[in-house]
Amino acid sequence: MSRSLLSLMLALVVCVGISFFGENFIASNFAYYYDILISIGVNIILATSLNLVNGYTGQFSLGHAGFMAIGAYASASWSNHLDPVIFGMLGGSESPVATNAAMFISTLFAGVLAAIAGFAVGVPSLRLKGDYLAIVTLGFGEIIRVAILNTDFLGASRGLSVAGTYTNLFWTYGSVVLCIYVVLSLVHSTYGRGFLTVRDDEVAAEAMGINTTKYKVVAFVVASFFAGVAGALYAHFKAFVTPEGFNFFRSVDVVVIVILGGMGSTIGVVLAAVLLTILPEVLRALAHTQFVPAAYQGLLENRLILYSLLLIILMLTRPQGLFGDGTAFKKWSRRSRVD
Amino acid sequence: MYVVAMANRMRMPALLGVLALLSFAAQSARAQIKIGAVTCLTGALSTFGVSSVQGAKLAVEEINAAGGTLGQPIQLIVEDNGSKAGETATIARKFISQDKVVAILGDLTSSATMEGAPLAQAAKIPLLTPSATNVAITKIGNYIFRSCFIDPFTGKIMAKFALDQLKAKQAIVMTDVKQDYSVGLTDAIRQYFTQNGAGISNALSYSSGDTDFRTQLTGVRMAHPDVVFLPGYYTEAALILLQAKQLGIKCPFVGGEGWDSPALVQVAGKAADGNYYTDHFSAADPDPRVQRFVQTYRAKYAALPDALAALWYDGARLLSQAVQRAGSTEAAKIRDALAETRDFEGVTGRISIDENRNAAKSGVILKIENGEPKMVQEVTP
Amino acid sequence: MDKLIEMLQQLVNGVSLGSIYALIALGYTMVYGVLRFINFAHGDIYMLGAYAGYLLAPLFAHTFKFGDFDTFTPENTLFILSGAGLVMILSMAICATIGVLIERIAYRPLRERPRLNVLITAIGVSLFLQNMTQYRLGANPRAFPQLIPVHVVEGLGNLTILTSQLAIILATIVLLIILRFVVMRTKIGLAMRALSLNPTACSIMGVNNDVVISFTFALGSALAAAAGILVSMDSPSINPLMGNLPGIKAFVAAVLGGIGNIPGAALGGLIIGILETLVVASGFPQWRDGIAFAVLIVILLFKPTGILGRVEREKV
């Protein structure tokens, strides 16, 4: 068994252990920190998967929240309608086997559905380059959100309550570990070489006979799968989802994390996810202390103003983010325009 | 070198961690009754949130000035959900596990309350929402209460008013299909209206964010209804009223409390005159209690209170009165006291909590005349 | 006859809406022409134009008696139009300055850097403008002051065209004529066209690229500001997020007409405006925003260069 696979198994065992021994204690006594921990996990999955597309493959996608929405709503509908069946088969709603099986199946369903959507969106869009791809993915993200808003079965504007809050530390961090494992394995395989070539010089890659569309689509589909998984975890944690929660600003949140972490650096992106999930809570706590004069408190609480300034300053001063190496940007260098 | 680099990189997270711990320490306990209030202070819904907090804070100040509740001052811990999904759940957890509040006041919107209510129910902490109108909220559990009326009631009084006072037989409904509130009201209106012998001749739709309603209004003009129901928010209602007047539509429009905002008359101008809407509260209500509230609010905030400020003012007072009646800060006793609220005298009417934990209270019907809403009628359930 | 009237009605609605999109699309297309970059923040300049008008109008309300007139009469028409025109021109000037400032501060330092940087910066600028306006001026809609009397134009029988719609269409025609004059008949216009073909050759020929680029931004922003004022005369409710959707739709219009092509942008704007009106008129108002995205996807899949665009060869 390869070393990386062993690390994966070990990490999963650790997750089970923490969950088994510490879960209830943390969840009941430190519910607030528990919430933050789970949110960190969800953001790590979102950012790592988006990094695969934006960072490693150099395709700028602005619609990640749309796939998260598909995953959230798919798993929510699944749980709401099909859990009684699973419980019936596996021993009732109290049995841990039943709840975990329900979570596993609904998360898997969410991921697969989101991956299918990723394929459907990716194949036509990934022919486009740069700015156009960004706008089209933004468009698809919005279309998905508006479609959900107009679907009564999914709760439309009322939102959808989710039957079971199955998300726990094991599922969240287990998925985190799995996502990182898959992304890193892909990157260090021939697929990774393909991604990087597409990022660095697509024309040369095509000239060498590499099927760039295949690599782009693979990256997109894998990323969408994990976005769907993240959506499922989110839905089963917050127990209530609305289409507004998956709008363009949510996609921007994830993009900011990826850029801050450094496009193309998984460790950077993970750290940035942790940082940017904790930041609003720290700002919230700061707002309650006397450190900040009241005039500026509103600015502190206005997360989007801070994020937008962060984006601009990052791009002007340190575009490679915290840990990136900037190669993702080189692809977009200007070619001399010749007539 | 690597270690130094890593240590350098750790500086910022470490600093943030220290600050977080400091703030945790700063909230050390004193003998106070802690109530957590969650609303949307920033973001797209910030004006509503600011009103609501101002109302709640005014109430808490008055109570504390009069000696507090159970002899102790109330500490209102206000948190902002940023008008974003998912935040209210985090804040509810914070209130429950970290701040250890005795009750939660909030949220402002139905979708945000739907996030927080299951958590409050599971932790058996009473939650009172003064302004979320979706029926499903109080069905979540017996610790969830509401001190405003629900959409079916609003829809009913709109329809009843049109039938009885405006003598309408044929109506058109314009629904904002993107807003749960509007859809809910439309169903209630349609039900009552048709059950009592009148007819909805056409159901038109629009979306929040639209600015041009002329296509739909051309349909209204050609149908000549007796009345048009417009159960949406003031942002679109103002433009609809304006464009209706420009197109020469003469029949009155009837709306719900979503119309409540000074911006309605500002944008619609003279086109707003002659239309009606239901509301929880009117600053023009001559009732002395209401006027006293309006004076104190205006003195403190230099503005007239709107319905949200009034609702949250009542909500905070109702909660504190329940704690007083319960005689203790035990969650179960507060819950029971809340459920037993009868004839609480609020500025938004006399409030009793019914068996579904919703508020049975009166509403008002307002008519806009010369740019000012004037009270036409008080409506009791 | 009724059907004909109704069709004409919807056509006018569509052209009026399309004119707004055209004005905004021109900004996108001109900036793309000289810089090969989509200015994400352009829709928010439109919003700032409306807010500039909102803040400026009270200063002149007394002189020009805004809101006092109920109808246009032959005597007061010139007076009213000059008042509204003054506010519009001032607002255009303010937004032109803002556009140039944004270019100087956020985009110029990144001109030699890869394009992804500046795209992300543009997103940042857009979010910043929206949220800063929301923070300082409140998120709730404001009532735009009445600059011209809005009423149905007399003498057209059953056809209800509002004076505001007429104003939009006429103002757009005037602005388009001026733009054409500037681009085709002035030296700076010549420089703009040359820059969109080959920037290196341009600077070799002695053109100061920076000045031309700043001028392009100024021009595009001024047009967007004009659109903001015109649309607010028609629908007098402004809010900080009002630039989002029209910005995206105008971008689609620019792509539809052929990005980089000025007449294309105007054509694209008109088409999108008319299409949107048709969708609503056929009874599907909830899809009015979706139609622009649908057009975008179709165009990018089948003819990415747009209706009037040129295919650009990428040499490696």
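Readers should treat all values here as calculations from the given coordinates under stated rules, not as data from a laboratory. On a predicted model such as this, the values are computed, not experimentally measured, just so you know. Cβ sites come from the backbone with ideal geometry, for glycine too, and all protein chains shown count toward neighbours.
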Got a sec? Charge dipole of the protein assembly as shown, +1 on Cβ for Lys and Arg, -1 for Asp and Glu; which of C:ILE307, B:SER97, B:LEU319 is way out at the positive end?
C:ILE307
For segment A:37-56 and segment B:44-92, what is the separation of their C-alpha centers, rounded to whole Å?
34 Å
Only Lys, Arg (+1) and Asp, Glu (-1) charged, at Cβ; segment B:252-331 dipole about Cα centre in debye:
320 debye
As a check on your grasp of the helix formula, calculate [θ] at 222 nm for chain B: sum -39500 (n - 2.57) over DSSP H runs of n ≥ 4, divide by the residue count, round to the nearest 500.
-14500 deg cm²/dmol
Among C:ILE204, C:MET192, C:VAL152, the residue whose Cα sits farthest towards the positive end of the charge dipole of the protein assembly as shown, when +1 is placed on the Cβ of each Lys and Arg and -1 on the Cβ of each Asp and Glu, is C:ILE204
Estimated 222 nm signal from helices in chain C, with DSSP H stretches of n ≥ 4 weighted -39500 (n - 2.57), rounded to 500
-24000 deg cm²/dmol
Would you calculate, for chain A, the mean residue ellipticity at 222 nm contributed by helices, counting each DSSP H stretch of 4 or more residues as -39,500 (n - 2.57) and dividing by all residues, to the nearest 500?
-25000 deg cm²/dmol
Can you sort B:ASP343, A:ASP83, A:ASP325 so the residue with the fewest Cβ neighbours within 10 Å comes first?
B:ASP343, A:ASP325, A:ASP83
How high is the relative contact order of segment A:3-247? Use alpha-carbon pairs under 8 Å, at least six apart in sequence, and give a whole percent.
40 percent
Less than 18 Å apart at the alpha-carbon level, and either on another chain or at least 8 residues along: which aspartates and glutamates does that give for B:LYS300?
B:GLU61, B:GLU62, B:ASP314
A correct fewest-to-most ranking of B:SER111, A:SER19 by other Cβ atoms within 10 Å would be A:SER19, B:SER111
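Quick check on chain B: of the DSSP beta bridges with both residues there, what percent are antiparallel, nearest 5%? Spell out each step's value before the answer.
Numbers: 17 of 47 bridges.
Within chain B, antiparallel bridges account for around 35 percent of the total.
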Around B:THR109, under 14 Å between beta carbons, what's the net of Lys plus Arg minus Asp minus Glu among the other residues?
-4
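Please arrange B:ASP164, A:ASP200 by how many other C-beta atoms lie within 10 Å of their C-beta, fewest to most. Before the final figure, lay out each step's value.
Working: B:ASP164 11, A:ASP200 14.
Fewest to most other Cβ atoms nearby, the residues stand as B:ASP164, A:ASP200.
Determine, for each peptide in B:183-190, B:208-215, the mean count of other beta carbons within 10 angstrom over its residues, then list the peptides with the highest first. Kindly include the intermediate steps, with their values, before the conclusion.
Details: B:183-190: 23.2, B:208-215: 20.4.
Highest-to-lowest ranking by the protection proxy: B:183-190, B:208-215.
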Which percent, to the nearest 5, of DSSP beta bridges fully inside the protein assembly as shown are antiparallel?
40 percent
Segment C:172-209 and segment C:11-79: distance between their alpha carbon centers, rounded to Å:
23 Å
What lysines does B:LYS139 reach when the alpha-carbon gap must be under 29 Å and sequence neighbours fewer than 8 apart in one chain are set aside?
A:LYS238, B:LYS34, B:LYS57, B:LYS84, B:LYS94, B:LYS100, B:LYS124, B:LYS156, B:LYS160, B:LYS178, B:LYS333, B:LYS361
Taking the alpha-carbon centre of each part, the distance from segment B:96-118 to segment C:247-309 in Å is 44 Å
Reachable aspartates and glutamates from A:LYS214, Cα under 17 Å, same-chain residues fewer than 8 places away excluded?
A:ASP200, A:ASP201, A:GLU202, A:GLU206
For A:LEU133, what charge total do you get from the other residues with a beta carbon under 10 Å from its beta carbon, if Lys and Arg give +1 and Asp and Glu give -1?
+2
Using amide H atoms built 1.01 Å from N in the peptide plane, name the residues 5+ places from B:PHE229, or on other chains, whose amide H lies under 5 Å from its own.
B:ILE172, B:VAL173, B:MET174, B:VAL254
Let me spell out the model: positive unit charges on the Cβ of Lys and Arg, negative unit charges on the Cβ of Asp and Glu, origin at the Cα centre of chain C. What dipole size does that give, in debye rounded to 20?
1220 debye
